Structure formats: structure tokens, C-alpha cells
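Some notes on the structure that comes next.
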Amino acid sequence: MKNHFELSDTEFEKAFSNCSLNPELFSHEAHLRLAWIHICNLDCEKAVDKVCEQLMAYVSFLGVKDKFNKTLTVAAVRAVNHFMGKSCSDNFRDFMAEFPRLKNNFRELMAFHYRMDIYNSSEAKENYLEPDLLPFG
């Protein structure tokens, strides 16, 4: 398998949930897809909790806990939720085509919300830091 799109949403979430998803398939786009799946089924805050829980379990299983960044994870879910509110798409592939900035310019999007470097901050990795520029709305 070369791409997470070869799996249905249910298969993708299940493979991620039970830590059987090939780590080579878990790209930034796949991270956004996990957020999209959970937002479709839960409200945003429950989706935040579920994505954080699953992602922490996944990186722990892989032995790369240092890759987890709580602030980026929460921010990604909230960004996906924001754009879903503006979307006409009923599937993730179309959603990504509709809002390519989420995939291609995510750092730029985060720069509207955070002055600090949330990518390399140990505090941002361990705890969710609220935006210091523009709140997620």
C-alpha cells in the first residue's frame, strides 16, 4: 500500500486506532484525515481528545513519543474543524482539494495564530498552548 487513501475512512481509523497502520502512510495529510474522520463523528472537542489519545498511543507503540506535539495536534484538529464549517465536501479527498492550504501551507496557517515556534518548543509538545495571536474560531 502506497497511500492512506487506499483505505476507507473506517479502515484507516481502525488501523490507526489499533496501531497497525504502516508508519510510512501517516503523513501530515493523514493526520488531518484522522481529525476529519473524528470531527465527522464527534464534536470538535471530543475529536481533539480522541485524536490526541490515538496519536499518543500510536507514537508510543512506534517508540517515537518525542514526535508527539500536543499543541500542533490540537491546532490541526481545530483548523480542520474551522475549514469543515466552510466546506461543501462530503469526503476527505474533496475537502483537501477544496482547502489545499491545510496540507501545503500549514505552517503559514499556524503563523496567523502563534507568534512562538510551536514546532520546536518542548512546552508546546507536552501541553496545549492557546494561540497568542488569533484564537481558533
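What to note about this one:
- Ranked by the mean number of other Cβ atoms within 10 Å per residue, highest first, peptides 51-57, 20-26 order as 51-57, 20-26.
- The stretch 57-137 - Kirkwood radius from inverse mean 1/r over Cα pairs (Å): 13.7
- The chain: DSSP helices with Cα axial extent of at least 24 Å and average Kyte-Doolittle hydropathy no lower than 0.0: 44-62
- Solvent accessible area, Å² - Ser17, 1.4 Å probe, full protein context: 60
- Normalised by the number of residues in the chain, the mean separation of alpha-carbon contacts (under 8 Å, six or more apart) gives a relative contact order of 23 percent.
- When nucleic acids and ligands are ignored and a 1.4 Å probe is applied, Glu11 ends up with an accessible area of around 100 Å².
- Listed residue pairs exceeding 25 Å between alpha carbons, taken from Lys65/Lys86; Lys67/Lys103; Lys2/Lys46; Lys14/Lys70: Lys65/Lys86; Lys2/Lys46
- Estimated FRET transfer efficiency when R0 is 22 angstrom, pair Glu98-Asp9 (beta carbons, to 0.05): 0.85
- Full extension of the chain segment joining Lys65 with Glu108 gains 13.0 nm, where the gain is 0.36 nm per residue of separation less the Cα-Cα distance.
- With Cα atoms as the point set, the chain shows a radius of gyration and Dmax of 14.2, 40 Å.
- Distance from the stretch 76-137 to the stretch 1-47 (C-alpha centre basis), Å: 17
- Label-point separation in nm, Asn41 to His82, each point 7 Å along Cα→Cβ: 2.6
The values are calculated or read from the model by the stated rules, or taken from the named source; none is laboratory data. Since this is a predicted model, take the numbers as computed values, not measurements. Quick reminder, even Gly has a Cβ in these numbers, built from the backbone with ideal geometry, and neighbours come from all protein chains shown. These accessible areas exclude ligands, DNA and RNA; they are computed on the full protein's heavy atoms, side chains included. Shrake-Rupley method; radii C 1.70, N 1.55, O 1.52, S 1.80 Å.
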